[in-house]
Amino acid sequence: METTSTPTHCPYCALQCGMNLSPTPEGGVEVTERVDFPVNRGALCGKGRTAPAVLSSGVRLTSPLVRSGGTLVPATWDEALDRIAGELGAIRAVHGPDALGVFGGGGLTNEKAYTLGKFARVVLGTSQIDYNGRFCMSSAAAGGIKAFGLDRGLPFPLEDIPKTGCVILVGSNLAETMPPALRFFTELRENGGTLIVVDPRRTRTAEQADLHLMPRPGTDLALALGLLHLVVAEGRVDEEYVRERTSGWEEARAAAMAHWPEHVERITGVSVPQLREAVRMFCEPEAAMVLTARGPEQQSKGTDTVGAWINLCLATGRAGRPLSGYGCLTGQGNGQGGREHGQKADQLPGYRKLDDPAARRHVAEVWGVDPDSLPGPGRSAYELLDALGTDIRSLLLMASNPVVSAPRAAHIEERLKSLDFLAVCDVVLSETAALADVVLPVTQWAEETGTMTSLEGRVLLRQRAITPPEGVRSDLEVMHELAARLGVEKGFPTDPEEVFEELRRASAGGPADYSGITYRRLVEENGVFWPCPAPATPTTPTAPTASAVDDDGEDAGLDVFPEDPARDEAGPAQPGAVLPGTVHPGTPRLFLDRFATDDGRARFVPVSHRPAAEEPDEEYPVFLTTGRVVAQYQSGAQTRRVDELNAAAPGPFVELHPRLAARLGAAEGDPLAVVSRRGRAVAPARITTGIRPDTVFMPFHWPGEGRANTLTNPALDPTSRMPEFKVCAVRVEAVER
Ligand code: SF4
C-alpha cells in the first residue's frame with residue numbers, strides 16, 4: 001500500500017475537481033481537501049467525497065466471469081481473454097472486420113481512449129467504433145467546429161466567468177451536476193455581473209439567476225434567433241467586429257430577421273418583454289458569455305441550436321475577446337479528451353479526421369502501419385448500438401452502460417441480447433455487463449494513473465493512490481493481452497506514461513496538440529491547457545522523462561515537430577509555432593487573435609427554427625425532458641453502489657406541475673406511468689410549481705420500471721448524430737398503488 005497522500009482528481013464529471021487521497025489503516029483511501037487546484041479549491045460534491053466507497057464496494061468484481069450454460073461463472077484471466085480473442089477472431093473470419101463493434105466511454109482516460117481507437121483500427125481492423133460521449137457533447141462540438149474551426153468545450157478558463165458582465169446559461173443545472181462550479185456564477189453576481197438561465201424547470205441553478213427564461217422544451221433555437229432579431233432591431237450589432245473577424249453575417253442576419261419576437265414568443269412561451277430584458281442584460285456590459293449544456297444540445301437540431309447561440313455571440317462581438325465567448329459545459333469526466341484521441345467513429349488522435357489523407361499518413365506512421373490499412377469512418381453511437389445483432393455480430397464495450405443510458409433503452413437492450421458475442425470491461429456487474437458473455441474486472445481511477453482533459457481543455461494527471469485488489473487488471477493490460485492473442489505483439493504498452501508519449505507524437509500538429517505536454521509538467525503545473533505544441537528542441541523544463549525516450553535513445557515526443565508534414569497540412573488550428581529553446585505554456589484562452597478557420601474569421605451559420613422530432617399531440621400531450629440529480633451520476637453504475645448517495649437519491653421520480661397533477665388526480669408520491677411511443681416507465685410523483693405545466697421531468701440514473709430512457713426518442717441530429725434525449729412526447733397516467 002502506498003503510504004503518502006496523493007494529489008489527484010475526482011472520478012466523475014468533467015469539472016475534474018482536485019482532491020487528495022490518503023491511505024487508511026484498513027488499506028483503503030479517504031478523500032482529503034486539496035486547495036491548490038484552482039477550479040474547486042478543495043470543494044467537492046457528495047459524489048466526489050464518497051468516491052472511495054466504490055473502490056471497496058462489496059459488489060466490486062475481482063474475477064473474470066464467463067457465461068457457461070446461460071450463467072456467468074468465475075474464470076481465470078487466461079480463460080476469459082482466450083474466449084474473447086477466439087470469439088472475435090472467429091466472427092471476423094466469417095463476417096469480416098466490420099462485424100466487430102467497439103464501444104467506449106467518456107470516462108476513459110486519454111491513454112485508454114487512444115489505445116481503444118488504435119486497437120479497433122489496427123488489431124480488429126473495424127470501422128465500427130464510437131463511444132457514449134457522442135451522447136454528451138457532440139452537438140456543441142459540431143457547432144463549435146462549424147463556427148470557430150475548432151472544438152474545445154470552454155475556450156477560456158472557468159476563472160474568467162466572475163470577471164465578465166453577463167452569462168447566459170442555456171440548459172445547464174450545474175448546481176446539481178457540478179456544484180463546486182456554482183461559485184463562479186455566485187462571484188459573477190457579487191462582482192456586479194448578471195446571470196440569465198434558460199431552462200424549462202426552475203432548477204436550483206435557475207433560482208440563482210437574475211432572469212430565468214422557461215421556454216417550451218425543444219425551442220432554444222427559436223429563443224436564440226429571437227434574441228438575435230432584437231439585437232439587430234435595437235441597433236446592438238458590433239458592426240466593426242462583424243466586419244473584421246467574421247464571415248457569413250448577411251445570411252445569418254436574414255434568417256434571424258424572419259423570427260419576429262412575437263412569433264418567437266408563440267413558439268417558446270417566453271414573453272417579448274423577457275426577450276428584450278435578456279438582450280439588454282447581455283449587450284450592455286463590455287463582455288459577456290453564452291454557455292450551453294445538454295438542454296439545447298441533446299436535440300435533433302442540437303448543432304443548429306448551438307449555432308444560433310454562437311451567432312448571438314458573434315453579432316455582439318462576444319467571441320475571441322477577453323472575458324467573452326461561447327462555451328459548452330462538457331458533462332462526462334473525460335468527455336473532452338475522449339473526443340480528441342480516436343475512440344470516436346470519425347476521428348484519429350489529436351482531433352484529426354479519419355477521412356483526411358494527411359492525418360491518416362501521420363497517425364499510421366506513428367502506429368507503424370500502412371495508412372491504407374486504416375478503416376474509414378464508422379457509425380455514430382446510437383446507430384452502432386441499433387445495428388447490433390444485424391451486420392455487427394459482436395461488441396467489446398468499455399466503461400459504458402447503455403442498457404440504462406442509451407435512448408430507446410429497451411430496444412437497445414434487445415439489440416445487445418441479439419449479439420453473437422458481448423464482452424464488457426467494468427468494475428461492477430452493471431446492467432449491461434450482466435448481459436455479457438465475458439466480463440473483465442478492471443481497475444478504477446484511484447488504482448491507476450492516466451490523464452484526463454477537463455471541460456476547460458486543461459489536461460490533468462490523475463495519479464494512482466492505492467494498490468488494486470487481487471484479480472483485477474487495467475483496460476490497457478486487457479488491450480495488450482487481446483492484441484497479442486489476435487496476432488499484434490507490439491504497440492500496446494500497459495504503462496500509461498508510455499502510451500501518453502505515443503499519444504503526444506500522434507497528436508502533434510493536430511488541432512488538439514498535446515505534444516508539448518509531459519506527465520512531469522502536468523504535476524508541476526497543475527495541468528496544461530491544449531493546444532500545447534512541443535518545442536523544436538528540448539529545453540530544461542520539458543526535458544524528456546525516462547519513458548519519453550525510445551529504444552533508439554531519441555526523445556519520442558520532441559523530435560517529430562520540425563519535419564512532420566502533417567503539421568504543415570493540419571491548417572491553421574495552432575496558436576503559433578514554438579521557437580526552439582522555448583516551452584509552450586499551453587493555451588488557456590483560444591481565438592484571441594484569430595479563429596481556427598482557414599481565413600481566421602469566425603463563421604456565422606444561417607439557421608432557422610424547426611420543431612422537435614416529436615411534438616405533443618392528442619395521444620401524447622405532454623413533453624418529457626430528462627436530466628440528472630446531484631447525488632447520482634450518469635447510469636448510476638458507480639454511484640448507486642454508495643449508501644450515502646442512495647440515501648439522498650434512492651430512485652427515479654416524475655416531476656410535474658400541480659395543474660397536471662390535479663388533472664391526473666395524483667398526490668405527492670403517487671405512482672405515475674409515463675408512456676411514450678417507445679415504452680412505459682413508472683415512478684412516484686414529485687409535484688412542484690418549478691416546472692412548466694406542459695412538461696414532466698425524469699432523472700435517468702436508474703434501470704428497471706423507472707428507467708427514463710425507456711421513453712426517450714433516438715431521433716438524431718443530422719450533423720452530430722446526437723439523439724433527442726431532451727424532448728419527446730408522452731402521456732402521464734395515474735397507476736393503482
Ligand atoms: Fe467530482 Fe464533478 Fe462532484 Fe467535482 S463536481 S466532486 S468532479 S462529481
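Taking each residue of the range 359-376 that is within 14 Å of G491 (Cβ to Cβ) and looking for partners that are surrounded by 20 or more Cβ atoms within 10 Å (Cβ to Cβ) and not hydrophobic (A, V, I, L, M, F, W, C) with beta-carbon atoms closer than 7 Å, six or more apart or interchain, yields V363/P349; V363/R352; V366/E502; V366/R505; W367/K118; L374/R121; L374/R360. Among the residues of the range 388-423, those that are at pLDDT 95 or above, assigned to a loop (DSSP other than H, G, I, E, B) and not hydroxyl-bearing (S, T, Y) comprise G389, D391, R393, N401, A406, P407, R408, L419, D420. Residue-level analysis places F135 among those that are within 19 Å of G335 (Cα to Cα) and not in a loop (DSSP other than H, G, I, E, B). Suppose the filter is within 16 Å of the ligand (Cβ to nearest atom), of a type outside the set (A, V, I, L, M), free of Cβ contacts under 8 Å to residues at least 60 places away in the same chain and outside the structural domain of V439 (by TED's automatic domain parsing); does G48 pass it? Answer is yes for this residue. Does L624 satisfy the condition of being buried (at least 16 other Cβ atoms within 10 Å of the Cβ), outside any loop (DSSP other than H, G, I, E, B) and touching a Pro at 6+ places or on another chain (Cβ under 7 Å)? Judged against the criteria, L624 is not a match.
Just one residue in the set R379, R352 is assigned by TED's automatic domain parsing to the domain that holds K490 and more than 23 Å from L482 (Cβ to Cβ); that residue is R352. Can you find a residue in the range 60-72 that is within 16 Å of the ligand (Cβ to nearest atom) and either outside the structural domain of V472 (by TED's automatic domain parsing) or assigned to a loop (DSSP other than H, G, I, E, B) (or both)? No: zero hits.
Selection over the range 1-34 of residues that are away from the ligand (no atom under 14 Å from the Cβ) and aliphatic (A, V, I, L, M) gives a count of 2.
Being more than 16 Å from the ligand (Cβ to nearest atom) and crowded, with 24+ Cβ neighbours inside 10 Å is the requirement here; does G171 meet it?
yes
When the residues of the range 657-712 are filtered to those that are in a loop (DSSP other than H, G, I, E, B) and touching a Cys at 6+ places or on another chain (Cβ under 7 Å), the one that is surrounded by the fewest Cβ atoms within 10 Å (Cβ to Cβ) is L711.
Within the range 247-303, the residues that satisfy the criterion of being among the basic types (K, R) and closer than 22 Å to S139 by Cβ are R294, K301. So which residues in the range 150-195 are over 19 Å from the mean Cα position of the chain (by Cα), touching a residue at least 40 places away in the same chain (Cβ under 8 Å) and within 30 Å of T597 (Cα to Cα), if there are any at all? Within the range 150-195, E159, D160, I161, K163, T164, G165, C166, V167, I168 qualify. Against the conditions (1) assigned to a helix (DSSP H, G or I); (2) touching a helix residue (DSSP H, G or I) at 6+ places or on another chain (Cβ under 8 Å); (3) in the same structural domain as R276 (by TED's automatic domain parsing), E250 satisfies every one except (2).
When each of V290, V279 is tested for being in a strand (DSSP E or B), closer than 27 Å to A206 by Cβ and touching a residue at least 24 places away in the same chain (Cβ under 8 Å), the lone residue that passes is V290.
The values are calculated or read from the model by the stated rules, or taken from the named source; none is laboratory data. The structure presented is a predicted model; accordingly, all values stated were derived computationally and were not measured. Heads up, the Cβs are rebuilt from the backbone with ideal geometry, glycines too, and the neighbour counts pull from every protein chain shown.
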